[in-house]
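Remarks on the structure that follows.
The values are calculated or read from the model by the stated rules, or taken from the named source; none is laboratory data. From a predicted model like this one, the values you see are computed outputs, not experimental measurements. As a convention, Cβ positions derive from the backbone with ideal geometry for all residues, glycine included, and neighbour counts pool all protein chains shown. The area values use the complete protein model at the heavy-atom level, side chains included, leaving out ligands, DNA and RNA. Shrake-Rupley method; radii C 1.70, N 1.55, O 1.52, S 1.80 Å.
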Amino acid sequence: MMRIPVDLGKDSYDIIIEKGGISKAGEFFDLKRKVLIVTDSGVPSEYSKAVEAQCSDSVTVILPEGEASKSLNNFEKICHMMLKNNFSREDCVVAVGGGVTGDIAGFAASCYMRGVDFYNIPTTLLSQVDSSVGGKTAVDFCGIKNIVGTFYQPKGVIIDSEVLETLDERQFSCGASEIIKMAAAFDREFFEIIETSCIQDNLEKAIAGALKIKAKVVEEDEKEKGLRKALNFGHTIGHGIESETTLLHGECVAVGMLCMCSPEVRKRIEPVLKREGLATTMAEAVSRGIAEEFDREKLTDVVTEAVMHDKKAEDGIITAVKVDEIGRFRFEKLDKKQISSAIREVLQ
């Protein structure tokens, strides 16, 4: 068992990394009270049932699988379930699922009675190394991702690599994309390790390496005023592509990284992404059947508009994260024309 502390004063918590940890949730979390378990239809039911078995009084909400579930309607459903079952401020919410589940469950926990305890048990590699840590909770609104939300830290997080055994290859690759992103932007030595060996072969070490970076960044910049924005490497273009195509989040981040780094860095990142099963151009994604045929100019235009309407845009300018050498990042302000040019670069 490995414990990674996230030091945020009164909001501090531990990330527990342990194979089989989900079956020990009652040892790490206070479940001797009313517990609302939030999961989704794509998560094997055995995982939420493993948590239920350790609760003295639990209710489970199962949301439909997919990004569309991160809605105000489902937020209302979760809050209604707590109200219906007489949850008080002394009770808690546990998310058992991927990033969508964690985001909406955390948001509901942050709002119900102005905040009840929230625990996260992420079941995808992507959510294990990224969204489960740091306290960003949200729902999508009017077609814009994460536009309504709060910063609300969990009371604890369990990372159980055993649950990844039921994850399909494409979803695993999405998580690998985020690990590569963090290593490339923050830690040269960590990147060199994953550059020379498959993430699957050293899974818990790779997860721990990414989480140590995430924890350190969150400790220094909890509310994303400065340093934490660097975690958006690959996301500026990635979010735009995600909103207009059938690609998954991690696949979009992979493509988004490649147009936000120097040619030298791209030469190193690209083969690692390919090794981990990720497409590095839209044309490759189409040929693999994970994206639909597209008109290059039309898609460039709609993705550009999506990027410019992102919540991070200010007065027609986007602050993007660029990586000119492995382990180092910088911020650069880009206008609409520059964003469009960067997008066209990966829409080959």
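Selection over the stretch 260-278 of residues that are open to solvent by 10 Å² or more (accessible area, probe 1.4 Å) and part of a loop (DSSP other than H, G, I, E, B) gives a count of 3.
When the residues of the stretch 139-165 are narrowed to those that are open to solvent by 10 Å² or more (accessible area, probe 1.4 Å) and acidic (D, E), which ends up nearest to N120 (Cα to Cα)?
E162
Kindly check whether there is at least one residue in the stretch 152-165 that is outside any helix (DSSP H, G or I) and farther than 21 Å from I22 by Cβ. Checked against the condition, which is being outside any helix (DSSP H, G or I) and farther than 21 Å from I22 by Cβ, the stretch 152-165 yields at least one hit.
All of (1) at pLDDT 95 or above; (2) assigned to a strand (DSSP E or B); (3) in contact with a helix residue (DSSP H, G or I) (Cβ under 6 Å, 6 or more places away or on another chain) hold for A320 with one exception: (1). Take E178 and tell me if it is surrounded by fewer than 24 Cβ atoms within 10 Å (Cβ to Cβ) and among the charged types (D, E, K, R). So E178 does not fit the description; no. Counting only residues that are open to solvent by less than 20 Å² (accessible area, probe 1.4 Å) and in a helix (DSSP H, G or I), how many does the stretch 279-302 have? Residues that pass the stated criteria total 4.
Of all residues in the stretch 107-124, those that are closer than 28 Å to F172 by Cα have Cβ atoms under 7 Å from Cβ atoms of residues that are open to solvent by 10 Å² or more (accessible area, probe 1.4 Å) and of a type in the set (D, E, K, R), 6 or more apart or on another chain, in F118/K155; Y119/K155.
Taking the stretch 205-229, which residues are modelled with pLDDT of 95 or more, among the acidic types (D, E) and either part of a helix (DSSP H, G or I) or open to solvent by 20 Å² or more (accessible area, probe 1.4 Å) (or both)? E219, E220, E222 - these are the residues of the stretch 205-229 that are modelled with pLDDT of 95 or more, among the acidic types (D, E) and either part of a helix (DSSP H, G or I) or open to solvent by 20 Å² or more (accessible area, probe 1.4 Å) (or both). G9 fulfils the conditions (1) on the phi > 0 side of the Ramachandran plot; (2) touching a residue at least 12 places away in the same chain (Cβ under 8 Å) except for a single criterion, (2).
Given G226, G209, which one is closer than 19 Å to R330 by Cα, of a type outside the set (A, V, I, L, M, F, W, C) and without any contact (Cβ under 8 Å) to a residue 60 or more places away in the chain?
Working: G209 fails: closer than 19 Å to R330 by Cα.
Answer to the check: G226.
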